[in-house]
């Protein structure tokens, strides 16, 4: 499994990674929004309108980590609606639902790969598995597990909170150190957890 885009050798890998990352970050955001929407009373529900504009989902702070490590995080957009339960557990599940959506997308793409075994699709599958594992395994905001421990509901019209900004800087610094000093900080752990999942999805 090729984890870092810096190791790519061909155009197909880059195209698969870019398509997988963009689609994965969109799915992260829309998965969180849909999870929140499930708590709305049925009598008040309207037709779900998905926001597929990549600029609404991609956090520019995550781009260096995406390029160096192959995983990152989405822009936080979900605001707590009046009907959402006043529960820390429910609030914590909101960001985690985005990572679960990445895993579901990897499964769907894996099924497509069985019918059309192209390198681009394989790379898109691997990218979404990396996104899911990193967000579920690393407890540092703005990754999903870190957001779950902090309040996931922030006003998206305001700048990123100090905690998430600090976490983004720390994550970027750790990935840079890992690449330049060859230290096993985060990437080896994420890759170890992702490799078995990717092998299973792509060979199922």
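A short reminder: the numbers here are calculations on the coordinates, not readings from a lab. This one's a predicted model, so the numbers in the text were calculated from it and none came from an experiment. A quick note on method: Cβ atoms are made from the backbone with ideal geometry, for glycine too, and the neighbour counts reach across all protein chains shown.
Annotations for the structure displayed:
- Crossing angle, helix 162-181 versus the chain [Cα axis fit, 0-90 degrees, rounded to tens]: 10 degrees
- With a simple spin-label model that places each label point 7 Å from the Cα along the Cα-to-Cβ direction, the separation between residue 67 and residue 6 comes to 1.1 nm.
- Measuring spread by the Cα atoms of segment 69-180 yields a radius of gyration and Dmax of 15.8, 48 Å.
- Each peptide in 40-50, 92-102, 77-87 gets a packing score, the mean of other Cβ atoms within 10 Å over its residues, and the list from highest to lowest is 92-102, 77-87, 40-50.
- Alpha-carbon spread of the chain, three principal axes, descending order, Å: 50, 41, 27
- Label-to-label distance, nm, for residues given as residue 195 and residue 15 (7 Å Cα→Cβ offset): 2.9 nm
- Centroid-to-centroid separation of segment 2-59 and segment 78-127 [C-alpha atoms, Å]: 8 Å
- When each of 109, 11, 136, 68 is scored by the number of other beta-carbon atoms lying within 10 Å, the sequence from fewest to most is 11, 68, 136, 109.
- Rounded to 0.05, the FRET efficiency of the residue 37 and residue 176 pair, given R0 = 35 Å and the Cβ-Cβ distance, is 0.40.
- Candidates 120, 38, 103, ranked by Gaussian network fluctuation over the chain, Cα under 10 Å, top entry: 38
- FRET E, pair residue 50, residue 188, Förster distance 30 Å, beta-carbon r, rounded to 0.05: 0.25
- For the peptides 183-189, 138-144, residues were scored by their other Cβ atoms within 10 Å and the scores averaged per peptide; the highest-first order is 138-144, 183-189.
- CD proxy at 222 nm, helix term only [per DSSP H run n ≥ 4: -39500 (n - 2.57); per residue of the chain; nearest 500]: -20500 deg cm²/dmol
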